[in-house]
Amino acid sequence: MRAEERYEISLLKREKMNLLKLIDKKNEEKISLQSEVSKLRKNLAEEYLRYLSERDARKILIADLNELRYQREDMSLAQSPGIWGEDPVKLTLALKMARQDLTRTQMELNTMKANFGDVVPRRDFEMQEKTNKDLQEQLDSLRSDYEEVCKEHEILLQLHMTTLKERDQFHSELQEIQRTSTPRPDWSKCEDVVAGGPDRWQKLAEGKNSDQLVDVLLEEIGEGLLREKDFFPGLGYGEAIPPFLRYDGFVENKKPSKKDVINLLKDAWKQRLVEEKEKFPDFFFSFLEHRFGPSEAMAWAYTIFENIKLFRSNEVMSQFYAVLMGKRSESVYIKQKETVAQLLKEMTNADSQNEGVITMENLSTVLKSNFPFKKEEKIQELMEEGGWHPNSSNADLLNYRSLFIEDEEGQSMPFVQKLWEQYVDEKDEYLQELKQELGLELYDEVTLPRLREALMNIDPGLDKQTLNGYLSRAFQLPMTELPEEGEEKEEGIVVRLKIALERLQMTDIRRMGSQEQEPTS
């Protein structure tokens, strides 16, 4: 047994001894209080008996004194009949009536003695009752303390056993980790093999964890291999092949630079905002045909596809790839760009002098007006990315245009990246809240009216058009074919919950009202 274990056991034994001593002390106090209560009760009985005897003696003495006074008055009346100025016969009659009244009063007094002779005075009773109540409360308190100590002792024993099990488990895990783990990689070794040397590697690795650094390294390796290829093999004409990649034979690798690919994708987005008639994959191929001619379009399609599939860490490429492959609705990208443009517009309006700077108070006002349903901590995060810190004041100036610039590879500044991260997190929270409201498992089926009701419960601010848009996406129905609320055929429209959530995850879904807001009729 190691010294640490012996030390832990000695501490537990010492705690046990302290607990036992405390229990013994409480028992002794309990016995002492019980003996004190018995003694007080005995004293009370003795005092009560003494009180009764004294009371009876006093009453007898008073009766004797009254009798003597009556006798003296009779003698005085008999010896001096003229004192009262009345007839002695009349006085004798009055005395007789008085004695009859006295006899009646004495009988009543005896009756009272018989009925209430053993009654304790209220004051004494209340005092004894209060004393008894106090002692009972002390006894109850001691009993509860004793029971609490017993419970704590049991908990400590259980905790001790749990701690021993966890210690053994952690020890086993530590041994397993020591046996199987490998040392952390020395990422500085990559400086000499990555194009651009240490400076570029430091820029690429800044702020990234090991998993992200692996992605960066794979992109660097993949970029080198991609540039070595002169041709791409066609994928054929299968149904699973995207339309813009259906081709037999080999196509030329155009080998554009990363910057050229990003600029091409930005031009495609600009064109897409003007023409939204056809599906996005068809539009993409049409854009390439218009840009490079029908004969070169397929080669550029394969070249662009391989590049955006490789560079997942690039913001522009990863978003374009997700939309192109149907993993995300293009409305998500468009809405994000519109949000960023609206923020820049409102900050520009707040810059009345057109100096390129606004105050921190202006920044806070713009954020709260554009995101009225964001939590205060989310607004705080955006403020911090904008340059706010605890020592800032509302009058501090901010170069707001620097929040919206992009580097040569299309990467946004931390402020815009934080906007996107918050949007993704809020969407995940929204869909998780929807799942909890439905109370279903992922592989259960959900009906259209039940999903409509759950959406309205978690987000009462949803207007009818937005709600129908969510339902249309979840059930893959055109909005014109959605049944009205209350129609019978609503119950016949079902979909597996997992599929519905995946479809909603792809589209632009966000909270439209405050969580505390009540539903309107």
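Right, residue 484: in a loop (DSSP other than H, G, I, E, B), of a type in the set (D, E, K, R) and open to solvent by 60 Å² or more (accessible area, probe 1.4 Å) or not?
For residue 484, the condition - in a loop (DSSP other than H, G, I, E, B), of a type in the set (D, E, K, R) and open to solvent by 60 Å² or more (accessible area, probe 1.4 Å) - is met.
Quick test for you: out of 54, 4, pick the one residue that is free of Cβ contacts under 8 Å to residues at least 12 places away in the same chain, surrounded by fewer than 10 Cβ atoms within 10 Å (Cβ to Cβ) and assigned to a helix (DSSP H, G or I). Talk me through it step by step, then tell me what you get.
On the way: 54 fails: surrounded by fewer than 10 Cβ atoms within 10 Å (Cβ to Cβ).
Sole residue among the options that is free of Cβ contacts under 8 Å to residues at least 12 places away in the same chain, surrounded by fewer than 10 Cβ atoms within 10 Å (Cβ to Cβ) and assigned to a helix (DSSP H, G or I): 4.
Which members of the range 493-521 meet the condition of being modelled with pLDDT under 80 and either under 25 Å from residue 441 (Cβ atoms) or not β-branched (Val, Ile, Thr) (or both)?
513, 514, 515, 516, 517, 518, 519, 521
Residue 337 versus (1) more than 21 Å from residue 405 (Cβ to Cβ); (2) under 35 Å from the mean Cα position of the chain (by Cα); (3) basic (Lys, Arg): which is the lone unmet condition?
(1)
Would you confirm, using the coordinates I've provided, whether residue 448 is closer than 30 Å to residue 491 by Cβ, in contact (Cβ under 8 Å) with a residue 24 or more places away in the chain and over 21 Å from the mean Cα position of the chain (by Cα)?
yes
Take residue 87 and tell me if it is farther than 30 Å from residue 118 by Cα, open to solvent by less than 70 Å² (accessible area, probe 1.4 Å) and modelled with pLDDT under 80.
The answer is no for residue 87.
From the list 250, 244, 283, pick out the single residue that is more than 22 Å from residue 219 (Cβ to Cβ), open to solvent by 20 Å² or more (accessible area, probe 1.4 Å) and of a type outside the set (S, T, N, Q).
250
Hey, can you tell me all the residues within the range 253-270 that are over 20 Å from residue 283 (Cα atoms) and open to solvent by less than 80 Å² (accessible area, probe 1.4 Å)?
253, 254, 255, 256, 257, 258
How many of the residues making up the range 287-321 are open to solvent by less than 10 Å² (accessible area, probe 1.4 Å) and under 30 Å from residue 501 (Cβ atoms)?
Matching residues across the range 287-321 total 5.
Within the range 225-241, can you find the residues that are more than 20 Å from residue 279 (Cβ to Cβ), open to solvent by 80 Å² or more (accessible area, probe 1.4 Å) and touching a helix residue (DSSP H, G or I) at 6+ places or on another chain (Cβ under 7 Å)?
Listed by number, the list is empty, since nothing qualifies.
Which of the residues that make up the range 142-175 are of a type in the set (D, E, K, R) and more than 30 Å from residue 32 (Cβ to Cβ)?
At the first step, the residues of the range 142-175 found to be of a type in the set (D, E, K, R) are 143, 145, 147-148, 151-152, 154, 165-168, 173.
Passing the criteria: 165, 166, 167, 168, 173.
If residue 167 satisfies every condition in (1) closer than 29 Å to residue 254 by Cα; (2) of a type in the set (D, E, K, R); (3) at pLDDT 90 or above but one, which is the exception?
Evaluating residue 167 over (1) closer than 29 Å to residue 254 by Cα; (2) of a type in the set (D, E, K, R); (3) at pLDDT 90 or above leaves (1) as the failure.
Filter the range 456-481 for residues that are part of a loop (DSSP other than H, G, I, E, B) and touching a residue at least 24 places away in the same chain (Cβ under 8 Å); which is nearest to the chain's Cα centre (by Cα)?
Taking the candidates together, the pick is 459.
Scan 258, 254, 229, 277 and give me the residue that is out of contact with any Lys or Arg (no Cβ under 7 Å at 6 or more places or on another chain), of a type in the set (Lys, Arg) and more than 17 Å from residue 306 (Cα to Cα).
Details: 258 fails: more than 17 Å from residue 306 (Cα to Cα); 254 fails: more than 17 Å from residue 306 (Cα to Cα); 229 fails: more than 17 Å from residue 306 (Cα to Cα).
Step by step, each of 258, 254, 229, 277 is checked, and only 277 is out of contact with any Lys or Arg (no Cβ under 7 Å at 6 or more places or on another chain), of a type in the set (Lys, Arg) and more than 17 Å from residue 306 (Cα to Cα).
May I ask you to verify whether residue 19 is of a type outside the set (Asp, Glu), in contact with a His (Cβ under 7 Å, 6 or more places away or on another chain) and assigned to a helix (DSSP H, G or I)?
For residue 19, the condition - of a type outside the set (Asp, Glu), in contact with a His (Cβ under 7 Å, 6 or more places away or on another chain) and assigned to a helix (DSSP H, G or I) - is met.
Go through the range 184-291 and tell me which helices (runs of 4 or more DSSP H), entirely inside it, have 3 or more residues that are modelled with pLDDT under 90 and of a type in the set (A, V, I, L, M).
210-228, 258-274
The values are calculated or read from the model by the stated rules, or taken from the named source; none is laboratory data. Note that the coordinates shown come from a computational prediction; the quantities given were computed from them, not determined experimentally. Every residue, glycine as well, gets a Cβ built from its backbone with ideal geometry; the counts of neighbours run over all protein chains shown. Protein only, heavy atoms only, side chains kept; ligands, DNA and RNA dropped before computing areas. Shrake-Rupley method; radii C 1.70, N 1.55, O 1.52, S 1.80 Å.
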